[in-house]
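Below is one structure, written out as structure tokens; comments come after it.
The values are calculated or read from the model by the stated rules, or taken from the named source; none is laboratory data. Fair warning: this is a prediction, and the values are worked out from it, not measured in the lab. Glycine also receives a Cβ, built like all others from the backbone with ideal geometry; neighbour counts cover every protein chain displayed.
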Amino acid sequence: MTEQTASPKTENEVNRREFLSKGVAIAAGTTLAPGLFLHQMSQAKTADEAVSDKVRWGILIDANKCADDCSDCVQACNETYGLSGHERPATDAQWIRKVTVKDRQTGHVTSLPLMCQHCENPPCVDVCPTGASFKRENGIVLVDKHICIGCRYCMMACPYKARSFIHETLEDQKAEAPRGKGTVEACTFCVTRIDQGEETTACAQACKHEAMLFGDLNDPDSALSKRLKDEPSVQLRADLELNPGVRYQGL
Amino acid sequence: MRRMTYSEIEGKGIGFYLILGVLGAIILMGLGAVYHMEHEGHYVTGMSNQVVWGLPHIFAIFLIVAASGVLNIASIGTVFRKAIYKPLGRLSALMAITLLLGGLMILVLDLGHPDRLIIAMTSYNFKSIFAWNIILYNGFIAIVGVYLWFMMERRMQKYYPYAGFVAFIWRLILTTGTGSIFGFLVAREAYDAAILAPLFIVLSFSIGLAAFILYLMAAYQLTNRPLGDALLMKLKNLLAVFVGAVFYFVAIYHLTNLYITEQHGFESFILSDGGIYTGLFWIGYMLLGTAVPVFLLYCRKMSEMRMPIIAASVLVLVGGFSLLYVIIIGGQAYPLEIFPGKEVSSAFFDGVVNPYTPSIWEFMLGIAGVSVALIATILATRVLPFMPKSLADKDVDPHAA
């Protein structure tokens with residue numbers, strides 16, 4: 001192979017190349033930047049756009065505002081997804097539940113809703129043998145009903161008891177949330193609503209005490225991120241370092 | 001030492017067909033129970049959203065753990081070259097496969113979707129220890145199958161020590177995997193402990209050996225083949241050592257928890273005020289499954305008698321079953337600590353001990369799995385020469401070990 005000797009570049013040629021490359025960069029920048037900026041501002045994605053990790057959905061629950069005797073969030077979830085039970089509390093599905101927490105030392109009582117915490121490192125996803133438990137790019141943890149074999153290992157692994165196994169035949173299912181006997185399910189963060197561009201979940205929408213705030217944890221300008229930055233909040237079982245998408249205040 | 005000859009069991013008498021008939025009936029009833037559970041849904045069982053694994057899982061894990069443990073008999077002959085154990089190698093390896101099949105059958109038929117077995121076999125999440133277990137179980141059957149073939153096929157005999165070694169290593173990994181199903185669970189107080197893997201391994205030694213002794217004694221009695229004391233005494237002494245080893249690991253598991261303040265709630269639940277779980281631990285496991293068998297096996301006055309060996313073996317199985325019940329059900333019954341240091345209540349059983357009463361359907365599925373293991377062993381010994389014609393003292397040569 002013979003060595004090729006490059007002809008020495010003239011000053012003009014270098015300048016022309018620099019001009020072209022810089023020009024293209026500037027043109028591209030001015031064309032794309034507003035689009036990107038607007039995209040970030042809007043948060044929403046179109047229906048045919050793939051889910052991306054630019055967004056991470058989360059929810060802030062203020063236990064101070066949550067009323068003891070109110071379970072509107074639970075009711076809204078049950079109605080939206082047709083979770084009406086068979087009057088068998090031990091086996092009926094429950095995606096969200098109201099929990100009363102009493103401090104053993106002080107006697108202080110708090111009431112709060114508890115559901116799938118949509119962990120960044122979900123143990124249910126780790127243990128699922130078939131990969132049916134999975135985390136979407138946008139942080140929502142779901143179950144693929146088609147490959148869930150119903151082993152319930154994810155239920156053993158979940159530190160929040162957030163998942164339910166469908167123990168019996170279902171009737172009158174909601175078209176937007178198909179469920180299946182013999183598989184495991186949990187709160188979906190209203191994934192179908194969010195995908196269609198709605199801005200909040202059924203539970204947060206139903207909360208008349210404004211104790212639930214849904215939003216994008218990745219967007220520093222979202223109301224959720226701002227509140228989380230300004231006010232203290234905690235994760236449940238923070239010791240496990242699962243980084244849940246659900247955070248609590250007033251605990 | 002004479003050359004060992006093996007033969008099929010005769011399997012002609014009325015007793016033989018009666019045993020097959022009873023086992024077959026139990027299996028049919030178990031399949032009926034499965035149909036009922038799958039058709040109606042799991043609400044007909046005692047399992048719930050709180051206690052998600054129940055009696056079927058105890059039977060399944062009991063059989064799977066016993067399966068790997070029963071292979072020890074063959075391993076002692078092949079890997080550790082104790083000549084007296086060699087004649088038992090074929091039966092040991094056969095039972096390793098049949099017990100595993102029985103256990104897996106229960107596990108699969110309890111799934112919410114047994115029809116999706118093909119998905120479990122083809123769609124893997126390699127971070128899941130459960131997925132690894134599926135590979136370990138299938139691999140175990142294949143490897144022990146080859147090991148058996150090499151043992152039984154004259155041309156392949158020179159290779160069987162290698163197959164035996166691979167099978168021995170594989171079985172250790174397999175039981176590590178079974179224990180890690182619980183060891184790798186961060187959420188619950190009872191689990192999340194590395195010691196569960198070796199605990200399951202020693203438990204496999206004891207219940208595998210106890211199951212083997214019982215089958216061996218029954219089979220030789222029913223087929224009128226001689227079974228000498230020399231071999232039985234060896235097996236019996238080994239059983240006592242294994243029972244002691246299980247006790248050691250159980251003791252360390254609980255002592256460690258007792259040292260850690262945050263585990264005190266769980267420990268007092270299991271050891272003192274857990275009702276059925278406390279009873280099963282102290283009476284089922286500690287008294288019946290550990291203290292009494294060790295006494296029966298070591299007591300000099302009874303050392304030459306067979307009844308105490310049978311009783312001790314049965315009790316070791318009872319103890320192992322009780323221990324698994326405490327670990328698997330007790331671990332789920334104890335409420336999850338979502339809010340440490342707080343009192344919790346809800347309409348979804350938060351903060352309370354989760355109730356569990358096994359249903360008849362689960363029990364039927366469980367004993368069907370045991371029956372599958374037994375019937376497969378019996379039929380295999382009927383068609384192929386797994387059992388030595390004689391295990392009389394003069395034929396097994398105790399001094400060669």
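Looking across the range B:309-347, the residues that are outside any loop (DSSP other than H, G, I, E, B) and farther than 30 Å from residue B:236 by Cβ come down to B:329, B:330, B:331, B:332, B:333, B:342, B:343, B:344, B:345, B:346. Checked against the criterion of being in contact with a Phe, Trp or Tyr (Cβ under 9 Å, 6 or more places away or on another chain) and acidic (Asp, Glu), the candidates A:176, A:231, A:210 yield just one match: A:176.
For residue A:151, are the conditions met, namely being of a type outside the set (Val, Ile, Thr), assigned by TED's automatic domain parsing to the domain that holds residue A:203, farther than 26 Å from residue A:213 by Cβ and modelled with pLDDT of 95 or more? Reasoning before the result, please.
Numbers: of a type outside the set (Val, Ile, Thr): yes; assigned by TED's automatic domain parsing to the domain that holds residue A:203: yes; farther than 26 Å from residue A:213 by Cβ: yes; modelled with pLDDT of 95 or more: yes.
Considered against the rule, which asks whether it is of a type outside the set (Val, Ile, Thr), assigned by TED's automatic domain parsing to the domain that holds residue A:203, farther than 26 Å from residue A:213 by Cβ and modelled with pLDDT of 95 or more, residue A:151 comes out as yes.
How many residues does the range B:44-53 contain that are more than 11 Å from residue B:355 (Cβ to Cβ), surrounded by 21 or more Cβ atoms within 10 Å (Cβ to Cβ) and out of contact with any strand residue (DSSP E or B) (no Cβ under 9 Å at 6 or more places or on another chain)? Selection size over the range B:44-53: 2. Note on the range B:333-384: residues that are touching a Pro at 6+ places or on another chain (Cβ under 8 Å) and either over 30 Å from residue B:8 (Cα atoms) or within 14 Å of chain A (Cβ to nearest Cβ) (or both) total 13.
Restricting the range A:128-146 to residues that are touching a strand residue (DSSP E or B) at 6+ places or on another chain (Cβ under 6 Å) and of a type in the set (Gly, Ala, Ser) leaves a set whose member that is farthest from the other protein chains (Cβ to nearest Cβ) is A:139.
One residue is enough: does the range B:310-329 have a residue meeting the conditions of a type in the set (Ser, Thr, Tyr) and touching a Pro at 6+ places or on another chain (Cβ under 6 Å)?
no
Of all residues in the range B:26-73, those satisfying the criterion of being aromatic (Phe, Trp, Tyr) and assigned to a helix (DSSP H, G or I) are B:35, B:43, B:59, B:62.
Taking the range B:178-195 on its own, how many of its residues are among the hydroxyl-bearing types (Ser, Thr, Tyr) and either facing chain A (nearest Cβ under 8 Å) or assigned to a loop (DSSP other than H, G, I, E, B) (or both)?
As a first pass, look at the range B:178-195 and keep what is among the hydroxyl-bearing types (Ser, Thr, Tyr): B:178, B:180, B:191.
Applying the additional criterion that residues be either facing chain A (nearest Cβ under 8 Å) or assigned to a loop (DSSP other than H, G, I, E, B) (or both) yields B:191.
Residues that pass the stated criteria total 1.
Would the range A:112-127 turn up any residue that is among the hydrophobic types (A, V, I, L, M, F, W, C), away from every other protein chain (no Cβ under 12 Å), in a strand (DSSP E or B) and buried (at least 18 other Cβ atoms within 10 Å of the Cβ)? No, the range A:112-127 contains no residue that is among the hydrophobic types (A, V, I, L, M, F, W, C), away from every other protein chain (no Cβ under 12 Å), in a strand (DSSP E or B) and buried (at least 18 other Cβ atoms within 10 Å of the Cβ). Each residue in the range B:118-139 was checked for being more than 14 Å from every other protein chain (Cβ to nearest Cβ) and touching a Ser or Thr at 6+ places or on another chain (Cβ under 7 Å), and 0 of them qualify.
Considering the range A:88-101, and only residues there that are facing chain B (nearest Cβ under 10 Å) and at pLDDT 95 or above, the residue that is surrounded by the most Cβ atoms within 10 Å (Cβ to Cβ) turns out to be A:96.
Against the definition (at the interface with chain B (Cβ under 7 Å from one of its Cβ atoms) and either touching a helix residue (DSSP H, G or I) at 6+ places or on another chain (Cβ under 6 Å) or over 23 Å from residue B:336 (Cα atoms) (or both)), how does residue A:160 come out, yes or no?
Working: at the interface with chain B (Cβ under 7 Å from one of its Cβ atoms): yes; either touching a helix residue (DSSP H, G or I) at 6+ places or on another chain (Cβ under 6 Å) or over 23 Å from residue B:336 (Cα atoms) (or both): no.
No; evaluated as a whole, the condition is false for this residue.
A single member of A:157, A:204, A:177, A:162 is surrounded by fewer than 21 Cβ atoms within 10 Å (Cβ to Cβ) and aliphatic (A, V, I, L, M), and it is A:177.
Only a single item in (1) at pLDDT below 55; (2) surrounded by fewer than 10 Cβ atoms within 10 Å (Cβ to Cβ); (3) closer than 27 Å to residue A:141 by Cα is not met by residue A:43, and it is number (2). Being in contact (Cβ under 8 Å) with a residue 12 or more places away in the chain and within 25 Å of residue B:135 (Cα to Cα) holds for only one residue in B:32, B:24, B:69, B:46, and it is B:69.
Got at least one residue in the range B:61-74 being within 14 Å of another protein chain (Cβ to nearest Cβ) and on the phi < 0 side of the Ramachandran plot? Reasoning before the result, please.
Restricting attention to the range B:61-74, the residues satisfying the condition of being within 14 Å of another protein chain (Cβ to nearest Cβ) are B:61.
Then keep just the ones that are on the phi < 0 side of the Ramachandran plot; that gives B:61.
Within the range B:61-74, one or more residues are within 14 Å of another protein chain (Cβ to nearest Cβ) and on the phi < 0 side of the Ramachandran plot.
Would you mind stating whether residue B:115 is crowded, with 23+ Cβ neighbours inside 10 Å and within 14 Å of another protein chain (Cβ to nearest Cβ)? For residue B:115, the condition - crowded, with 23+ Cβ neighbours inside 10 Å and within 14 Å of another protein chain (Cβ to nearest Cβ) - is not met.
For the range A:186-195, the criterion of being within 14 Å of chain B (Cβ to nearest Cβ) and not in a helix (DSSP H, G or I) is met by at least one residue.
State the number of residues belonging to the range B:88-117 that are closer than 18 Å to residue B:168 by Cβ and of a type outside the set (A, V, I, L, M). Break it down stepwise before answering.
If we filter the range B:88-117 for residues that are closer than 18 Å to residue B:168 by Cβ, which is where we start, we get B:88-97, B:99-100.
Next, from what is left, pick out any that are of a type outside the set (A, V, I, L, M): B:89-90, B:92.
The total comes to 3.
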